[in-house]
Amino acid sequence: MNTNKRQEGFSLIELLIVVAIIGIIAAIAIPNLLASKRAANEGSATASLRTVTGAEATYAATKGNGQYATLPQLAGEGLVDTVLGGASGVKSGYGFVATPTGTGTAADPWFYTSGAAPQTFSGVTATGTRTFSSDATGVIYAIAATSATPPTATAGSPIGN
C-alpha cells in the first residue's frame with residue numbers, strides 16, 4: 001500500500017497571487033487604452049473635417065455655383081461617406097455638422113462652418129475631450145469640449161500651433 005499522496009495543481013494562495021497580478025495589470029492598462037481611444041477619435045474627427053473642407057470646395061466649384069452644402073447634400077453627391085453625411089452625422093464618437101451661410105452678394109458672400117463635438121465629453125467613457133471647428137480657410141480650431149452639440153462657428157486655437 002502506497003501512503004504517499006500525490007497532490008497536483010495550484011494552491012489557493014498561488015491562485016490569489018495570479019488574480020492580484022492580473023488586477024494590477026488591468027488597473028494600469030485600461031486607463032491607457034481609453035486615452036488611446038479618445039486620441040484616435042480626435043484624430044478621426046480632424047481628418048473628417050479636412051475631408052469636409054475638400055468636399056465643400058469641390059461642391060462649390062462644381063455643383064453649387066459657389067454655394068456650399070450641408071453634410072447630407074455632400075453625401076448625396078458622393079463627396080463624403082454616408083456615415084459622416086448621414087442623418088445622425090456621427091462618426092468615431094463625434095457628431096458633425098456643416099452650416100452653409102451667405103447670400104452670394106459682395107456684402108454677404110457664400111461661406112460655411114463645419115464642426116465636430118464628442119458625443120460624450122466627460123467621464124471615463126468620454127469619446128473625446130476637444131471640440132473642433134473649421135471653415136472655408138481650411139484651418140481647424142480646437143477648444144475644450146463643454147457640449148455634445150457640434151459648433152456652428154469657429155472657436156479656439158488652431159491645431160498644430
The rounded separation in angstrom of the Cα centers of region 67-110 and region 34-50 is 19
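When the helices in the chain are scored as -39500 (n - 2.57) per DSSP H run of 4 or longer and the sum is shared across all residues, what 222 nm value do you end up with, to the nearest 500 deg cm²/dmol?
Using -39500 (n - 2.57) per qualifying helix, the result is -12500 deg cm²/dmol.
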Quarter of the surface of the C-alpha convex hull for the chain, i.e. direction-averaged projected area in nm², equals 15.4
For the chain, longest principal axis from Cα atoms; helix 12-61 axis from its Cα atoms; angle between them, nearest 10 degrees, is 10
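Full extension from Ser36 to Ala20: what is 0.36 nm times the residue separation minus their Cα-Cα distance, to one decimal in nm? Walk me through the intermediate numbers first.
Values: separation 16, 0.36 × 16 = 5.76 nm, distance 2.47 nm.
Gain on stretching Ser36 to Ala20: 3.3 nm.
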The relative contact order of the chain, taking Cα pairs under 8 Å that sit 6 or more residues apart, comes to a percentage of 17
quick shape note, region 14-60: Cα extents on principal axes in Å, largest first -> 68, 11, 5
Given the candidates Phe111, Thr152, Val124, the one whose Cα lies deepest towards the positive end of the charge dipole of the chain, counting +1 at each Lys or Arg C-beta and -1 at each Asp or Glu C-beta, is Val124
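What is the extension gain from Val139 to Ala87, computed as 0.36 nm multiplied by their sequence separation minus the C-alpha to C-alpha distance, in nm to one decimal?
Working: separation 52, 0.36 × 52 = 18.72 nm, distance 2.55 nm.
That works out to 16.2 nm of additional length.
Treating only the Cβ atoms of Lys and Arg (+1) and Asp and Glu (-1) as charged, compute the dipole magnitude of region 1-119 about its Cα centre; round to the nearest 20 debye. Numbers along the way, then the final one.
Details: 7 positive and 7 negative charges, 77 e Å.
Computed about the Cα centre, the dipole is about 360 debye.
Note the full-extension length gain between Ser11 and Ala106 as 0.36 nm times their separation in residues minus their Cα-Cα distance, in nm to one decimal. Don't skip to the answer; put the middle values down first.
Working: separation 95, 0.36 × 95 = 34.20 nm, distance 8.28 nm.
Contour length minus the Cα-Cα distance gives 25.9 nm.
Computed from the coordinates by the stated procedures, all read-outs in this text should not be read as laboratory data. Given the structure is predicted, the values throughout are model-derived calculations rather than measurements. Don't worry about glycine lacking a Cβ; one is built from the backbone with ideal geometry, like all the others, and counts go over all protein chains shown.
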